[in-house]
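The values are calculated or read from the model by the stated rules, or taken from the named source; none is laboratory data. Keep in mind it's a predicted model, so treat the numbers as computed, not measured. Because the Cβ atoms are built from the backbone with ideal geometry, glycine has one as well, and the counts that use them run over all protein chains shown.
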Amino acid sequence: MFDHICFNHRRNAARPLLVGVLMLSATSALASQGPPIPQGKPDAIVKTFAPGETPIPTPKANVPPSAQQALVLHNNAPAKVYFGAMEGPAPLKARSIGSYAKGCLAGGAALPVDGPSWQAMRLSRNRNWGHPELIDYLKDLADAAPSLGWRGLLVGDLAQPRGGPMTSGHASHQIGLDADIWLTQMPDKRLTREEREEVSAVSMLKGPLDVKGADRSVDPKKWTDIHARLIRRAAQDKRVARIFVNPTIKKALCSFETGPDRAWLRKVRPWWGHHYHFHVRLACPKDSRGCQNQNPPPPGDGCGSNLTYWLSDEPWVPKEPRDANKPIVKKRPMALAALPNDCRDVLEAN
């Protein structure tokens, strides 16, 4: 039940916390033909302060993003403020550092905006970065897609240029080994930048899940065997540790696989959300010192009692309505001090 490591799809619309931080020289905004490319190595004075040594800097308004400024790292400041501000990768050897929900990325590579059989979506987020092994994996899967009957991939969020906590939307995707792939195939045209912001992925759900006695199945008018073949191909790659899908999709995959090889189903795990995309998670690359893998999934194909729980009312239908007078306690953003020490080197590299 806890496969995903704090990837919160029920409340994934957290707003960025505006904390004033002077940032490293940033590259220009995304060019129309691809991700940002660092322009030289700006000078920066960098200092890390211990908790209580200095206050968090106050906001500086109207600071041009191309200005060469100092980055002041404060251990108690939300890490997402620093990592969300980085527009380019750390010029270090490629390395995934820490765990999927508490780490960062050195030497990140960008998935090109366009490829022969893929298109990157939501370019304004600048989240088409990952460990080079993830980029290679996505290109391989995209190359295989047409042979499966799938025109090509629409690729959602990977990681920020230097990984780390995101300003909104994800708790994982921090070390450049996670990727969201839409369950909508690439169109037969190149989408404009505006379309990539506005086009929505298509949900595979037949109906709402949070209704007592709901039919928790995929919509047969939307879900096809081609979807299943794509996910099977994605899971069969040895680099993959897990793939997260909605429980309804896991149910469909369990029925789809009638052959003797059901080993790939073990990697496909049911989780909240994931009805409009599937989430691929690679295992730690062998040369990424300090990268922490999850424990392997439980034995078996995952089509038994655990899936029965996910398809029941219990995880979806509230037992009693929420008390409107009870305040909602918001989780404090992850502080920089919570991340591996090497993540400071990632932020300071220029």
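How many of the residues in the range 180-195 are under 23 Å from residue 244 (Cα atoms) and either at pLDDT below 95 or not hydroxyl-bearing (Ser, Thr, Tyr) (or both)? Qualifying residue count, the range 180-195: 6. The residues in the range 143-164 that are part of a loop (DSSP other than H, G, I, E, B), farther than 15 Å from residue 113 by Cα and more than 10 Å from the chain's Cα centre (by Cα) can be counted, and the count is 5.
Residues in the range 301-350 that are surrounded by fewer than 13 Cβ atoms within 10 Å (Cβ to Cβ) and of a type in the set (Lys, Arg): 319, 322, 326, 330, 331, 332. Selection of the range 176-194 for residues being crowded, with 18+ Cβ neighbours inside 10 Å and of a type outside the set (A, V, I, L, M, F, W, C) yields 176, 178, 180, 184, 185.
Before we move on, is residue 252 in contact with a Leu (Cβ under 8 Å, 6 or more places away or on another chain), more than 16 Å from residue 298 (Cα to Cα), assigned to a helix (DSSP H, G or I) and not polar (S, T, N, Q)?
On the way: in contact with a Leu (Cβ under 8 Å, 6 or more places away or on another chain): no; more than 16 Å from residue 298 (Cα to Cα): yes; assigned to a helix (DSSP H, G or I): yes; not polar (S, T, N, Q): yes.
So residue 252 fails the test.
Identify, from the list 333, 299, the residue that is more than 28 Å from residue 212 (Cβ to Cβ) and free of Cβ contacts under 8 Å to residues at least 60 places away in the same chain. Break it down into steps so the answer makes sense when it comes.
Values: 333 fails: free of Cβ contacts under 8 Å to residues at least 60 places away in the same chain.
So the residue among 333, 299 that is more than 28 Å from residue 212 (Cβ to Cβ) and free of Cβ contacts under 8 Å to residues at least 60 places away in the same chain is 299.
Exactly one residue among 149, 103 is small (Gly, Ala, Ser), buried (at least 19 other Cβ atoms within 10 Å of the Cβ) and modelled with pLDDT of 95 or more, and that residue is 103.
If you go through the range 66-103 and keep only what is touching a Cys at 6+ places or on another chain (Cβ under 6 Å) and over 28 Å from residue 143 (Cα atoms), you end up with 97, 101. Do we have any residue at all in the range 241-249 that's assigned to a helix (DSSP H, G or I), in contact with a helix residue (DSSP H, G or I) (Cβ under 7 Å, 6 or more places away or on another chain) and either at positive phi or modelled with pLDDT of 95 or more (or both)? Within the range 241-249, one or more residues are assigned to a helix (DSSP H, G or I), in contact with a helix residue (DSSP H, G or I) (Cβ under 7 Å, 6 or more places away or on another chain) and either at positive phi or modelled with pLDDT of 95 or more (or both).
Confirm whether residue 222 is within 25 Å of the chain's Cα centre (by Cα), modelled with pLDDT of 95 or more and charged (D, E, K, R). Spelling it out, residue 222 is indeed within 25 Å of the chain's Cα centre (by Cα), modelled with pLDDT of 95 or more and charged (D, E, K, R). Are any of the residues in the range 298-315 of a type in the set (Val, Ile, Thr) and out of contact with any helix residue (DSSP H, G or I) (no Cβ under 7 Å at 6 or more places or on another chain)? Scanning the range 298-315, I find at least one residue that is of a type in the set (Val, Ile, Thr) and out of contact with any helix residue (DSSP H, G or I) (no Cβ under 7 Å at 6 or more places or on another chain), so the answer is yes. With respect to (1) surrounded by 15 or more Cβ atoms within 10 Å (Cβ to Cβ); (2) without any contact (Cβ under 8 Å) to a residue 24 or more places away in the chain; (3) closer than 27 Å to residue 100 by Cα, the lone exception for residue 224 is condition (3).
Taken over the range 275-292, residues that are closer than 22 Å to residue 96 by Cβ and within 16 Å of the chain's Cα centre (by Cα) amount to 8.
Scanning the range 152-175 for residues that are hydroxyl-bearing (Ser, Thr, Tyr) and surrounded by 19 or more Cβ atoms within 10 Å (Cβ to Cβ) yields 167, 172. With respect to the conditions (1) at pLDDT below 95; (2) among the hydroxyl-bearing types (Ser, Thr, Tyr); (3) more than 28 Å from residue 105 (Cα to Cα), residue 255 lacks only one, and its number is (1). Scan the range 119-142 residue by residue and report those that are of a type outside the set (D, E, K, R) and either at pLDDT below 95 or in a loop (DSSP other than H, G, I, E, B) (or both). Hits for the range 119-142 are 121, 126, 128, 131. When residue 240 is tested against (1) over 23 Å from residue 305 (Cβ atoms); (2) buried (at least 21 other Cβ atoms within 10 Å of the Cβ), just one condition goes unmet, and that condition is (2).
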